[in-house]
1. Over segment 189-229, what per residue volume does the convex hull of the Cα atoms give, in whole Å³?
2. By a straight-distance test (C-alpha under 25 Å), which lysines pair with K97 as possible cross-link partners, with residues fewer than eight away in the same chain excluded?
3. Report, in debye and to the nearest 20, how large the dipole of segment 158-253 comes out about its Cα centre when Lys and Arg carry +1 and Asp and Glu carry -1 on their Cβ.
4. If you stretched the chain out fully between Y152 and A235, how much longer would it get, using 0.36 nm times the residue separation minus the C-alpha to C-alpha distance?
5. When ranked by the protection proxy of mean other Cβ atoms within 10 Å per residue, highest first, what sequence do the peptides 189-197, 40-48 form?
6. What's the FRET efficiency of E124 with E49 using the Cβ-Cβ distance as r and R₀ = 35 Å, to the nearest 0.05?
7. Tell me, what is the per residue accessible area of segment 18-136 in Å², probe radius 1.4 Å?
8. Let a ≥ b ≥ c be the square roots of the eigenvalues of the Cα gyration tensor of segment 164-248; is it rounded (a/c under 1.5), or, if not, prolate (a/b larger than b/c) or oblate?
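The values are calculated or read from the model by the stated rules, or taken from the named source; none is laboratory data. None of the values given here were measured: they were computed from a predicted structure. All Cβ positions, glycine included, derive from the backbone under ideal geometry; neighbour counts span all protein chains shown. The area values use the complete protein model at the heavy-atom level, side chains included, leaving out ligands, DNA and RNA. Shrake-Rupley method; radii C 1.70, N 1.55, O 1.52, S 1.80 Å.
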Amino acid sequence: MPYTDRNLAHAVHPDRGVMHFAEADTMRERLIVGLDLPTLREAEKAVRELEGTVSFYKIGYQLAFAGGLEFARELASGGTKVFLDMKLLDIDNTVAKGVENIVRMGVTMLTLHAYPKAMKAAVEAAKGSDLCLLGVTVLTSMDEQDMIDAGYEYDPHTLVLRRSEQALHAGMGGIVCSAEEAEAVRRIVGPDLAVVTPGIRPAGSDHGDQKRVVTPAQAIRNGSSHLVVARPIVAAPDRRAAAEAILAEMQSA
Ligand code: C5P
């Protein structure tokens with residue numbers, strides 16, 4: 001079945017819970033802004049500036065260790081969607097216990113590294129909840145040489161596809177990969193799983209440490225269900241204008 005906004009809006013799986021994607025105004029629901037900021041005060045300011053434009057935020061390492069977990073709970077309880085980017089990986093029992101507590105936070109998405117045992121433990125722990133578990137395949141900052149240096153025998157593309165297959169079999173709710181790989185991943189995981197893509201850069205913008213980058217329009221065309229954007233929005237002089245420009249580019253696709 002081809003991937004469409006309609007199946008995105010109805011993405012449901014008995015083991016994965018229900019992913020509440022709004023049917024109206026879908027593009028807005030598909031932009032996730034990474035609150036990669038040093039302090040809670042900065043993050044609160046960004047959310048205020050983006051109010052009405054952005055409805056989904058990602059909280060990762062930087063903010064999590066500066067009061068961001070409490071902020072995630074607060075945003076979630078106020079009805080804002082939160083993607084907790086914790087990229088968990090540990091022994092099965094530790095992953096499961098962590099996931100059980102994260103379920104209670106009321107966030108919408110959580111990442112873990114797409115290792116089969118960790119994914120199975122997390123799926124079991126999140127069963128019956130609405131939490132969408134995402135498997136991180138290969139970080140978008142890694143290229144072929146980085147993979148060799150890290151001891152992998154696969155190139156990024158091959159490992160992304162292999163881990164996507166494993167995530168599907170483990171019962172995960174979605175995949176995190178580069179939008180360069182989204183089309184191939186979509187063919188493996190089918191229409192219902194979320195394909196969440198960071199490494200998004202509007203044409204002409206600074207890549208920073210990202211290596212496998214794609215523009216917002218191309219990411220949508222490649223089958224991404226959600227785009228994760230941090231620096232191109234949070235480091236922009238006018239955050240709202242930057243977010244609106246990215247949304248317009250998504251819409252144009
Ligand atoms: O600033 P930028 O838009 O590059 O931020 C991308 C965000 O997505 C960062 O918070 C980064 O941790 C996260 N991420 C990523 N690549 C992955 C998974 C998450 O860049 N594979």
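1. 66
2. Hits, sequence-local ones excluded: K58, K81, K87, K117, K120, K127.
3. With Lys and Arg at +1 and Asp and Glu at -1, about 140 debye.
4. 26.6 nm
5. 189-197, 40-48
6. 0.30
7. Value returned for segment 18-136: 44 Å² of accessible area per residue.
8. prolate
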